[in-house]
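Structure first, then comments.
Nothing in this text is a laboratory measurement; each read-out follows from the coordinates by a stated rule. In this text, all values refer to a predicted model and were calculated from it rather than measured experimentally. Note that we place each Cβ from the backbone using ideal geometry, even for glycine, and neighbour counts take in every protein chain shown.
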């Protein structure tokens, strides 16, 4: 436990370790209750340099944090706005995310999203890891907890946005958000999901990113990446 900001801390170990970091009690806009922001931190050899930040249902106000491992130039597209930033090693930048955004950098970076608290006691803030587009999988098995209003979000190349199969049934899509930058064309969408065990794949074997999240009054919320392809 520490009383100061640990962002940018680098940890070296002589044997494999797992690092869990975050805040025990935090707010973003104070519309809901104090919430833990805790995630297992990816190692620096399991990061990427191209990211698509997905659409998060209900959460039209989000903070995205980009943390540099080494000195790097970063290009960001959010909506119709494009910006370029220079980050020093272990420095970070935050930006406001609404529906879908795109990040590219010269060297690998770490990315997290912080969906803001919802008004009317509908959901608290939380912290969620964003894997890069080169870390997407072809299919996922995942669990959804009980007692939450839960959703999944998917980011996928736009030419493969149709064809998802969830628990053996084709997915009917609504409210698709798309972004194009450089040679990449991606889309993102969200659908409700019931509690329990699920499996999702794509009939054309497309790789895609998957996130699971949910809301429970003003006192709680959760979100996590359903998996990623690890570098070997």
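In this label model, residue 183 and residue 18 are separated by 3.7 nm, measuring between points 7 Å along each Cα→Cβ vector.
With a simple spin-label model that places each label point 7 Å from the Cα along the Cα-to-Cβ direction, the separation between residue 106 and residue 147 comes to 5.0 nm.
Taking the Kirkwood radius as the inverse of the mean 1/r across Cα pairs, report the Rg/Rh of region 20-225. All intermediate terms of the calculation are to be shown ahead of the outcome.
Details: Rg = 16.4 Å, Rh = 17.4 Å.
Rg/Rh: 0.95.
Note on residue 27 and residue 98: with the Förster distance fixed at 22 Å, the Cβ-Cβ geometry gives a FRET efficiency of about 0.65.
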